[in-house]
Amino acid sequence: MPSEKLKHSSPDNLSSSSSADSVRLLSRETVRISASLVSPPDDIFPPSPQSLPDSHFLHSTLKLICCEEIDGRRWKYFAESDGSGRFKKNSVRAISLESPKTPFDVCQEVGSFLRSYVVPEGFPESVNESYVPYMTFRALKHFFGGAMGVFTTQTLLNSVGASRNSSASAAVTINWILKDGAGRVGKMLFARQGKKFDYDLKQLRFAGDLLMELGAGVELATAAVPHLFLPLACAANVVKNVAAVTSTSTRTPIYKAFAKGENIGDVTAKGECVGNIADLMGTGFSILISKRNPSLVTTFGLLSCGYLISSYQEVRSVVLHTLNRARFTVAVESFLQTGRVSSLQEGNIQEKIFTLPWVQDQSVMLGARFKDAFQDPSTYLAVKPFFDKERYMVTYNHTKGKVYALLKHQANSDDILKAAFHAHVLHFINQSKVGTPKSVEQPDHVFAPMDYELESRIAESCEMVSTSYGIFKSKAAEQGWRMSESLLNPGRARLCHLKEEME
């Protein structure tokens with residue numbers, strides 16, 4: 001019997017058998033642990049959808065719920081279910097469909113980056129055929145002008161006493177040219193703002209004037225630390241040239257708002273003439289008061305205050321007919337609260353001109369990314385049916401205190417306008433539930449709807465939009481707003497092929 005054999009086995013046999021079993025067990029454990037280290041779990045590094053067979057998704061807990069595109073790049077969003085068909089909270093994962101970049105792709109990205117500095121957005125469709133030859137000859141003109149400027153600068157410095165043959169003269173000339181060159185680099189870098197000069201014209205114009213005063217202050221600081229003249233002068237010139245780009249880029253749209261016919265050239269010429277006359281008068285005034293040797297800091301502070309107050313009132317007095325984010329907010333809030341759309345004068349006067357750069361005061365995000373709007377897949381699947389016939393989606397993220405409007409791939413300008421209107425309506429409904437009037441630009445988590453309330457509020461907003469959006473557009477047009485030329489500046493993210501991806 002086996003038991004008897006075991007009973008009469010020698011200790012040596014028992015020891016060797018136990019040792020062999022231990023070695024086999026240790027080997028199996030080593031292989032198992034090594035495999036777990038080499039192949040990390042899917043929740044850390046989920047497998048790429050392209051590398052998996054179709055049968056994988058039939059048995060996997062990851063389910064595709066949405067596809068998104070930004071500037072030609074696509075992401076797929078997956079959600080994890082618990083095995084019973086329900087999705088887990090906060091289980092949305094984004095997987096990029098981009099393949100590893102080749103040197104050719106890197107070159108294309110560099111080329112796109114450089115083009116963003118020298119050609120308008122949407123080029124060549126966004127400009128007519130005469131743009132290229134005009135800019136070619138303009139570049140040549142500035143090339144020869146820049147080369148000539150070196151010799152004229154050197155001549156001017158020689159005229160005020162610098163010896164032509166001394167090394168000091170060459171050093172001064174080089175320093176001066178470096179200062180001007182740094183300013184031109186700053187001007188070039190800021191030009192990448194592109195359409196923001198159209199979207200937020202007043203805001204950028206006033207910000208440019210703030211930068212102009214900052215540059216002037218840096219120039220004055222060179223008197224206190226003359227040994228740092230070159231770096232301070234370069235920094236001041238960069239800042240002032242950025243301000244110059246802002247002034248130049250926003251000048252034409254402002255003058256265009258004043259012209260009633262084909263007289264924009266005349267309006268521009270007269271406006272520049274008024275500015276030059278006032279500048280000469282200011283120069284004469286400063287010469288008179290400088291003879292009394294006033295305090296430099298006090299004088300600069302008073303003149304800067306006058307400059308900035310005048311600049312603020314200048315941009316505030318401009319009446320634009322187009323709707324950017326700020327003016328659209330004023331118009332929609334007035335419509336939802338009173339039933340009437342703000343007039344052109346009211347909308348422009350109430351537009352917020354200046355906000356601190358570090359203050360994020362937007363509660364409505366237009367053209368947002370899917371991952372910012374939805375963390376819970378169940379919320380997305382509950383909201384989605386309300387917008388199957390629309391080219392956008394609207395939701396509220398209570399953890400961030402923001403209303404998000406997501407645009408679909410086929411969305412046109414009217415869809416963007418409607419999405420923004422719908423987002424403001426949802427924000428208005430959220431406020432009305434707590435009965436606390438509050439600006440859309442001031443996020444608050446107090447009126448955040450619970451998950452079970454969000455669906456009913458979105459249904460209410462859809463009903464409101466279906467009956468009031470057309471009325472809003474007609475009343476806005478009656479007030480003189482150009483609805484066909486909205487400048488809402490949506491984000492670039494677009495939801496693409498939702499129905500096909502869900503099937």
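Among the residues of the stretch 242-262, those identified as open to solvent by 60 Å² or more (accessible area, probe 1.4 Å) and of a type outside the set (D, E) are T248, R251, T252, K256, F258, K260. Of the candidates A233, A223, the single residue that is over 29 Å from Y199 (Cβ atoms), open to solvent by 40 Å² or more (accessible area, probe 1.4 Å), at pLDDT below 85 and out of contact with any Leu (no Cβ under 7 Å at 6 or more places or on another chain) is A223. Within the stretch 305-329, the residues that satisfy the criterion of being open to solvent by less than 20 Å² (accessible area, probe 1.4 Å) and hydrophobic (A, V, I, L, M, F, W, C) are V315, V318, L320, L323, A326, F328. Checking V239 against (1) over 30 Å from K196 (Cβ atoms); (2) surrounded by 15 or more Cβ atoms within 10 Å (Cβ to Cβ), only one condition comes out false. Which one? Of (1) over 30 Å from K196 (Cβ atoms); (2) surrounded by 15 or more Cβ atoms within 10 Å (Cβ to Cβ), only one is false for V239: (1). Number of residues in the stretch 304-354 that are under 21 Å from F197 (Cα atoms), in a loop (DSSP other than H, G, I, E, B) and without any contact (Cβ under 8 Å) to a residue 24 or more places away in the chain equals 2. Only one of the numbered conditions (1) under 30 Å from A411 (Cβ atoms); (2) at pLDDT 70 or above; (3) under 31 Å from the mean Cα position of the chain (by Cα) is not met by C107, and that is (1).
With the requirement that a residue be of a type outside the set (A, V, I, L, M) and free of Cβ contacts under 8 Å to residues at least 40 places away in the same chain, what does the stretch 231-246 give you?
The initial filter retains those residues of the stretch 231-246 that are of a type outside the set (A, V, I, L, M), namely 231, 234, 237, 240-241, 246.
Across the stretch 231-246, the qualifying residue is only P231.
Here the condition is being assigned to a helix (DSSP H, G or I) and among the aliphatic types (A, V, I, L, M); of A269, A223, it holds for A269 alone. Pairs meeting the criteria (first residue in the stretch 381-394 and touching a residue at least 12 places away in the same chain (Cβ under 8 Å), second residue open to solvent by less than 40 Å² (accessible area, probe 1.4 Å) and part of a loop (DSSP other than H, G, I, E, B), beta carbons under 7 Å, at least 6 apart or on different chains) are R391/A411; Y392/A411.
The values are calculated or read from the model by the stated rules, or taken from the named source; none is laboratory data. Note that the structure is a prediction, hence the values are computed from the model and not measured. Virtual Cβ from ideal backbone geometry, glycine too; neighbours counted across all protein chains shown. These area figures cover heavy atoms from the full protein model, side chains too; ligands, DNA and RNA do not enter into them. Shrake-Rupley method; radii C 1.70, N 1.55, O 1.52, S 1.80 Å.
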